[in-house]
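Below you'll find the structure, written out as structure tokens, and then a few comments.
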Amino acid sequence: MKLYVCYGTFGPPDRHPCAKAHRALREAGHEFEVVRTFGCYGTDRLFRGRREVKELSGSYKVPTLVLDDGSIIDGSAAIAQWARAHREPSAL
């Protein structure tokens, strides 16, 4: 599983979407690779990582989660919801 983020996974989850997705996945007990895509709004298309996200999801926006089966979950709220619904047994 890969979680595409801007750069960081830090900061308050209520203000930073990448931190929200990261924290939700961790709290649900998932192991995943973090892929830093760099860039920010308006410069997204200039960074290789963001072009990769665009190919996967149709948008330059992150966070984007790619599941092991290739399914895409886009956006912090959707990722957090998926994480809560698919908790690892070790996290229960």
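The values are calculated or read from the model by the stated rules, or taken from the named source; none is laboratory data. All of these numbers come straight from a predicted model, not from anything done at the bench. Cβ sites come from the backbone with ideal geometry, for glycine too, and all protein chains shown count toward neighbours. These area figures cover heavy atoms from the full protein model, side chains too; ligands, DNA and RNA do not enter into them. Shrake-Rupley method; radii C 1.70, N 1.55, O 1.52, S 1.80 Å.
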Q: Go over the candidates GLU27, GLU31, GLU88 one by one and state the one that is open to solvent by 50 Å² or more (accessible area, probe 1.4 Å), acidic (Asp, Glu) and touching a Gly at 6+ places or on another chain (Cβ under 9 Å).
A: GLU88
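Would you be able to tell me the number of residues in segment 13-22 that are part of a loop (DSSP other than H, G, I, E, B) and modelled with pLDDT of 80 or more?
Counting residues in segment 13-22 that are part of a loop (DSSP other than H, G, I, E, B) and modelled with pLDDT of 80 or more gives 3.
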Q) Which residues, taken from segment 3-23, are crowded, with 21+ Cβ neighbours inside 10 Å and closer than 11 Å to ILE79 by Cβ? A) LEU3, TYR4, VAL5, CYS18, LYS20, ALA21, HIS22
Q) Can you tell me which residue in segment 56-69 is surrounded by the most Cβ atoms within 10 Å (Cβ to Cβ), limited to those that are outside any strand (DSSP E or B) and at pLDDT 95 or above? A) PRO63
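One line per residue, one yes/no per condition, for (1) at pLDDT 90 or above; (2) not in a helix (DSSP H, G or I):
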{"site": "ALA24", "(1), (2)": "yes, no"}
{"site": "GLU31", "(1), (2)": "yes, yes"}
{"site": "VAL35", "(1), (2)": "yes, yes"}
{"site": "PHE38", "(1), (2)": "no, yes"}
{"site": "ARG51", "(1), (2)": "no, no"}
{"site": "LYS54", "(1), (2)": "no, no"}
{"site": "GLN81", "(1), (2)": "yes, no"}
{"site": "ARG87", "(1), (2)": "yes, yes"}
